[in-house]
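Written out below as structure tokens is the structure these notes cover.
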Amino acid sequence: MTLTLPTYSGALQSYTLTGTPIVPRAPKRAFTRTAFAAAHVVSDPLAERDPWLGRPAVDWENTLRFRHGLWDQGLGLAEAMDTAQRGMGVDWLTAKELIERTMVEAKAHPLKPRVACGAGTDHVAAEELNSEAAIIAAYSHQMEAIEAAGGQVILMASRAMAALGGDPEVYARVYSHLITQAKDPVVLHWLGDKFDPALKGYWGAADLERAADSVLSIIETHVNKIDGIKISLLEQACEEQFRARLPAGVRLYTGDDFNYAALIEGDGDHYSHALLGIFAAIAPAAAQGLEALADGDRETYHALLTPTVPLSREIFKAPTQFYKAGIAFLAWLNGWQSHFIMPGGFQSAREISHYAEVFRLADQSGMLRDPDLAANRMRQLLILYGIG
């Protein structure tokens, strides 16, 4: 099957599909790595009104169907954790409803998947989050809603904390309060400014070494209430150095969508678990790769995961905060949704040459589960852009 696709040079080039789809299936054994996929919200275009102003219209049936597809393959779910949509199309009330609906489905699923949910401060106007007390109250509101639904709390990095401009002592006070009040161990969240420029200087330090010291001090103080920390810095060496310093029993959840294959495999002494947006797009390779790793079959692990890395690096290219457009695009190509519409028209955040490259790399890594369907949908998008 051959299509004419645009390239980054502005040319049109013939491309013939050559990939062999990796067929999704249930896991045959337990994984030795905890793996959360951060899933997106499927829009309902017919119900959407004022997409730039109002709450997003959600297609709940297909939003939840997508999550079942991840769970069926043995993956956990990071819910309402989508850093490209919380505050950029998805508001807290929608996220709260999403968490509540998801937890009902997860509790009924035969594999009893783990679900961790993002708590932040985004339901309060930025100008009102001007003190430690206001930020603590905002976090607490969302934490209570997550715990009431039965989800595990992830303390998402907050733009309000970064805007407060506090030193490490301020972060220690705020996070100590939140960790102490949580019912169960929480997951911390260190999101680099490549994902969100508003988070520069998080943990009260401009450089990564001092920031690492700051958050490690918080972890060591509350080690019995910390499940782990998700790090999304896109800096492999920094994550490896930080990982080696963690207290025993505290997990490092990689959010590095550039270097996840090596980080999850580990260096012989330490390894990372996973909380990744890309796992929602490469679920068959991720799940079957983790299964192979649990069997000690590193050759199969690399055969499955390594080809997905160029795809992930394309989806998460700079400006990285627009990555979710590529995730939703692949969901559309693979039949998880009937359209390529996103909250707030977010699909326009990437250009057609990007989508063409994602299509090529998805094919080459076996991530187009029905190549005929994917090719037909790619043709529809090309026509929309005037490429007949």
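The values are calculated or read from the model by the stated rules, or taken from the named source; none is laboratory data. Computed from a prediction, not measured in an experiment: that's the story for all the values here. Here the Cβ positions follow ideal geometry from the backbone for every residue, glycine too, while neighbour counts run over all protein chains shown. Side chains are part of the model used for accessible areas, which takes the heavy atoms of the whole protein and leaves out ligands, DNA and RNA. Shrake-Rupley method; radii C 1.70, N 1.55, O 1.52, S 1.80 Å.
Points worth noting:
- Within the shell defined by Cβ-Cβ distances under 13 Å, the residues around ARG350 carry a net charge of -1, with Lys and Arg each +1 and Asp and Glu each -1.
- In percent, rounded to a whole number, the relative contact order of the chain is 21, using alpha-carbon pairs under 8 Å and six or more apart.
- Rounded, prolate or oblate (a/c below 1.5 giving rounded, otherwise prolate when a/b exceeds b/c) for segment 1-100 by Cα gyration tensor: oblate
- Length-normalised contact order of segment 60-193 in % [C-alpha pairs under 8 Å, at least 6 apart]: 23
- Percent of beta bridges antiparallel (DSSP, the chain, rounded to nearest 5): 20
- Residue-level accessible surface for THR320, protein heavy atoms, 1.4 Å, Å²: 10
- Residues whose amide H lies under 5 Å from that of ILE154, counting only those 5 or more places away or on a different chain, are CYS117, GLY118, ALA119, VAL187; hydrogens are built 1.01 Å from N in the peptide plane.
- Over all orientations, segment 296-388 has a Cα convex hull whose mean projected area works out to 6.7 square nanometres.
- Helix 92-108 and the longest principal axis of the Cα set of the chain meet at an angle near 80°.
- Normalised by the number of residues in segment 9-104, the mean separation of alpha-carbon contacts (under 8 Å, six or more apart) gives a relative contact order of 30 percent.
- Under the Karplus curve 6.51 cos²θ - 1.76 cosθ + 1.60, θ = phi - 60°, whole-Hz ³J(HN,Hα) for segment 296-312, x wherever Gly or Pro sits: x, 9, 6, 5, 5, 3, 5, 4, 7, 7, 4, x, 7, 5, x, 4, 5
- Solvent-accessible area, 1.4 Å probe, carbon plus sulfur percent, for the chain: 53
- With a cut-off of 11 Å between beta carbons, the residues surrounding TRP92 carry a summed charge of 0, where Lys and Arg count +1 and Asp and Glu -1.
- Distant-in-sequence amide H partners of ARG251 (H built 1.01 Å from N, under 5 Å): GLY228, ILE229
- Peptide packing: for 294-306, 1-13, the average count of neighbouring Cβ atoms within 10 Å per residue gives the ranking 294-306, 1-13, highest mean first.
- Entry for percent of Cα pairs over 29 Å apart (calculated from the structure that is shown) out of [x] 40; [y] 53; [z] 44: [x]
- Beta bridges per DSSP with both ends in segment 1-93, % antiparallel, nearest 5: 60
- Seen through its C-alpha gyration tensor, with square-root eigenvalues sorted a ≥ b ≥ c, segment 118-247 comes out oblate because a/c lies at 1.5 or above while a/b is not bigger than b/c.
- Degrees between helix 236-245 axis and first principal axis of the chain (Cα, 0 to 90, nearest 10): 40
- For GLU299, net neighbour charge (Lys/Arg +1, Asp/Glu -1) across residues whose Cβ lies under 14 Å away: -3
- Using a Gaussian network model of the chain in which every pair of alpha carbons under 10 angstrom is joined by a spring, one finds that among TRP190, TRP60, TRP203 the greatest mean-square fluctuation is at TRP60.
- Taking amide H atoms as placed 1.01 Å from N in the peptide plane, the amide H of ASP59 lies under 5 Å from those of VAL42, SER43, ASP44, each 5 or more residues away in sequence or on another chain.
- Using the Karplus relation 6.51 cos²θ - 1.76 cosθ + 1.60 with θ = phi - 60°, the per-residue 3J(HN,Hα) values for segment 180-192 come to 5, 7, 5, 5, 10, x, 9, 10, 7, 9, 10, 9, x Hz, with x marking Gly and Pro.
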